[in-house]
Every structure is written in C-alpha cells, then in structure tokens.
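A short worksheet on the structure shown next.
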Amino acid sequence: MQPAESEHSSGCLYLVATPIGNMEDISLRALRILKEADLIACEDTRQTLKLLSHFEIRKPLESYHEHNEMTRAPELVLRMESGAHVALVSDAGTPVISDPGHRLVSLCLRHNIPVIPIPGPSAIVAALTACGLPCEEFTFAGFLPARSGERRRRLKSFVSEPRSIVLYEAPHRLRATLRDALEMLGDRHAAIARELTKVHEEFARGRISELMRTFDEREPRGEITLIIGPPDHKAEHRTELRINSGHDGQTLAQRVHELEESSKLDRKAALKQTAKELGISKREAYKRLLTEENT
Ligand code: SAM
C-alpha cells in the first residue's frame, strides 16, 4: 500500500503519536516520519530529546506549547508554506488530545496545508479497552476543573450521560474527584487506569466508594485515567443512602456492618442506630438494607 504522506511533496503537518510509557509502542510509521521530517515541534524539548535519543534520531526541535502557540503557530505555517514537513509531538500520547496543537491544525487547514494524523498510543483508548466498562460509545471530558465547585458542576452535567465517561486526572486530585463524583453521580462502577504501559501499570476496578477506600489506604501516584461507568439503579439507590447517612463513603449496609463489628451491636440494634442516624424509621431502614443487599 502506498503511504499517504508520499503524496505530500509540498509542506505539511504530521500529528505523530508517541508512547505513553513503553517505548515499544511507537509505530514504524511514526519513526519514519520523525526521521524524515524537516523539524519536530514539541511540547517540551527535553522530553522529546529523550524519545529521539532512544531511537537514535537527530532532528531540529522547536518548542510548541500552550504559552507560545499564538506566535509559534503562524511561524510554523510559514515554514510549511515554504515546503517544510513538520512533525508535531506532545510529551506523551496523541498530540492535540488534551495537549497543544488545535490552533496549529486549524491554521494549517485555513491555509490549505495538509494535516496528516500518525495514529498511535493514547491513554484514553488504552484505559477504556481494558477497564471492563461499556466502551462502544463514550464521552471524553479531559481534565475536570481543579476547583471543587466547578468540578462538581461539571460532574453534575453528566448525570444523564448514558455513556462511560473518561477523564484525565492528576494523582493529587484523584481522591477529591472520586468524592465529588460519588456525590454528584452516585456510586457507579468505575475504573482507575494507572501508569499504563509502564512497569507499575495497574487497573483498579469497582464502585466509586470502593475505589475511594483503595486510595484512602495509599497515596495515588503516577499518571491516572479515570473511567466512570453509566448510571445504574443500584448506584443511585446507594448514593441516596450514603448522602443521607452522614458517614462519608458509606452505604447503609456498610454502616450497619460497621456497627455490628466495632460496637458489638446485634443486627437489630445496629439497624436501629443506623435508622436514627439517617432520620428514618426502623422499618424503612430495614427495607433499604434488604434492597441494598439484594441488588
Ligand atoms: N495526549 C495524551 C494522550 O493522548 O494520551 C494525553 C495528554 S494529557 C496532558 C496527560 C494525561 O493523560 C495524564 O495526566 C493522565 O491523566 C493521562 N495519561 C497519560 N499517560 C498515562 C498513562 N501512562 N497511564 C494513565 N494515564 C495516562
């Protein structure tokens, strides 16, 4: 098959996906394009130098990041108009996806400069395919806002979203995001994909409350992609109980079991105490306990 880029004797822009951890994930085509390009525009020259030296490629680098793209994009377009083949890479994964590049792509298109994707690794796809949640369709929401109020508003906007939601998250914000997601979306099935393709790759799968417990016990570290599954009846029911219970991250059943174990109460007394904490009747608490244990 004839490679698409051989058609572009004039200048063009290649969007080259690079590994998100494991260097073996680079494609043969990506390597060839990086070797043949006249220059490589990259987010962080130090990061890209590591990649290039691993593959013994020497090439002029130009930084292209969110702070200089306003001036750098027109400069690169001028170079492409003069015939340069420019490869854009980000620090890891597919450029433009939660990474700089959109401005350059749209400027190229406005100037009739061909834009050619060189597909490869992206954390979204790697995380989704192995997380076990429905992924025939999904919503990608990038990074949530860092401030809790805005983050909660954004999460709330997904209440009726019927598809799995993929999010990028910084490790130091993971717990707060899980807490907000539980409150806004209910105790849905979710998955945390950590350090994908690297030595310590890990998938944590379970309900949001279970993932919270996992990462209460240890500090989340490394690169994290979070997937929140579609709504289900059980998740909504459990949240309602949890929110009312005042015991953060606990369902009614969990609270009853806790009281049985830690306060040595029998089930009846534990249920009575939980009902009191929730401000509901013993009968209602018992009904909810049965529903919860049954779903
Ligand atoms: N454009 C990149 C892509 O296609 O994967 C994503 C860039 S975004 C700035 C970086 C975020 O992607 C990280 O903060 C993390 O949420 C996610 N990510 C990148 N590498 C990852 C990995 N190896 N494992 C899990 N998530 C990763």
Out of region 129-139, which residues are over 11 Å from SER164 (Cα atoms) and open to solvent by less than 70 Å² (accessible area, probe 1.4 Å)? ALA130
Would region 87-94 turn up any residue that is assigned by TED's automatic domain parsing to the domain that holds GLU24, under 30 Å from ASP232 (Cα atoms), near the ligand (Cβ under 10 Å from one of its atoms) and open to solvent by 20 Å² or more (accessible area, probe 1.4 Å)? no
Please tell me if VAL96 is touching a helix residue (DSSP H, G or I) at 6+ places or on another chain (Cβ under 6 Å), on the phi > 0 side of the Ramachandran plot and of a type outside the set (Phe, Trp, Tyr). yes
Note: among LEU271, LEU226, just one is modelled with pLDDT of 80 or more and in the same structural domain as ARG188 (by TED's automatic domain parsing), namely LEU226
Open to solvent by less than 30 Å² (accessible area, probe 1.4 Å) and either within 16 Å of the ligand (Cβ to nearest atom) or touching a Leu at 6+ places or on another chain (Cβ under 6 Å) (or both): which single residue out of GLY206, GLY142 fits that description? GLY142
Counting only residues that are in contact with a helix residue (DSSP H, G or I) (Cβ under 7 Å, 6 or more places away or on another chain) and within 15 Å of the ligand (Cβ to nearest atom), how many does region 152-167 have? 1
Is it the case that some residue within region 178-189 is open to solvent by 40 Å² or more (accessible area, probe 1.4 Å), at pLDDT 95 or above and part of a strand (DSSP E or B)? yes
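The values are calculated or read from the model by the stated rules, or taken from the named source; none is laboratory data. All of these numbers come straight from a predicted model, not from anything done at the bench. Using ideal geometry, Cβ is built from the backbone for each residue, glycine included, and neighbour counts are taken over all protein chains shown. Each accessible area value is taken on the protein alone, full model and side chains, heavy atoms only, with ligands, DNA and RNA left out. Shrake-Rupley method; radii C 1.70, N 1.55, O 1.52, S 1.80 Å.
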